[in-house]
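Only one structure is covered here, and it is reproduced in the block below.
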Amino acid sequence: MTPDQPGPADPLAPAPEADSKAAADGATPPSRRLILLRHAKSAWPDGVSDPERPLATRGVADATAAGPILAGLAPLTAADVVLCSPARRTRQTWRLVGQALPDLPPTRFEPAIYGAEVDDLLDLIRSVPDAVATVVVVGHEPTMSQTAAALAGPGSDRADLARLNAKYPTSGMAVFTLGPDVGWSGLDVRKATLERFVVPRG
C-alpha cells in the first residue's frame, strides 16, 4: 500500500458482514474458542537443562490459581483438546491448572511447541479436527505473545491486546473466539477475536 492509498478504517472494528449475518439469524452464532496459556513462573536450578526446568514456588501457586479462572472463562469438556509443550514447566503448569477442571480434555504433548515460530504453532492448531470446540495451547514466550498478536482481528478487546503486546507474563492466558465460518483448518492471521487476557496470581 502506498501512502496515497486509503487503508482500512480500523483493523479491530467488527466486520459488517458478520454483524449483519448474526442480526439476520436473530442470535449470536456459536464459536470455537482458543486459549493461549504461557507456563507459570519457573525456577533456574544449576545444572538443569532448559527443557527440564521445574516450576518455582510462585509458579506452583500461580498455576493453581489459574485453574478456577480458566474453568470460569472457558468451561472445558472431554471433547476439547489441549496442546502442551513437553517441557517440564509446561507439563507441570497444565497438571496444576487441570486440577480445577471437572472434565479434563485429552492432552497432546507436542515437541513442536517448544521453540515454535508463529507459523509452526498455527500449523499445529490447524491439525485439530474442526469438530473440536475448544483448544488450549500451553507454551512459551515469545511464541505465545507473537501468536496472540498475530491472531487478534476485528472486534478484539483493545485494552487487553495492548496489555499482552506490552508484556505476556508467566501464567498469562489469552482467550480467543473464532467466527462461525472459521474452522481450525482455516485459522490464520487476524482470523480470531481476543475476548480476554488475564494473568492469574496465587
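The values are calculated or read from the model by the stated rules, or taken from the named source; none is laboratory data. As the structure is a prediction and not an experimental result, all values here were calculated from the model. Backbone-built Cβ (ideal geometry, glycine too); neighbour counts: all protein chains shown.
Here the condition is being in contact (Cβ under 8 Å) with a residue 12 or more places away in the chain, among the acidic types (Asp, Glu) and out of contact with any helix residue (DSSP H, G or I) (no Cβ under 6 Å at 6 or more places or on another chain); of Asp46, Asp123, Asp119, Asp80, it holds for Asp80 alone. Look at (1) aliphatic (A, V, I, L, M); (2) farther than 27 Å from Pro180 by Cα; (3) in a helix (DSSP H, G or I) and you find that Ala100 fails only one, number (3). Out of all the residues in segment 100-124, which are modelled with pLDDT of 95 or more, touching a Ser or Thr at 6+ places or on another chain (Cβ under 9 Å) and over 18 Å from His39 (Cα atoms)? Answer for segment 100-124, where residues must be modelled with pLDDT of 95 or more, touching a Ser or Thr at 6+ places or on another chain (Cβ under 9 Å) and over 18 Å from His39 (Cα atoms): Asp120, Leu122. Considering only residues in segment 174-201 that are among the small types (Gly, Ala, Ser) and crowded, with 17+ Cβ neighbours inside 10 Å, the one that is farthest from Arg163 (Cα to Cα) turns out to be Gly179. Does Ser171 satisfy the condition of being touching a Gly at 6+ places or on another chain (Cβ under 8 Å) and either hydroxyl-bearing (Ser, Thr, Tyr) or surrounded by fewer than 16 Cβ atoms within 10 Å (Cβ to Cβ) (or both)? Yes: the conditions hold for Ser171.
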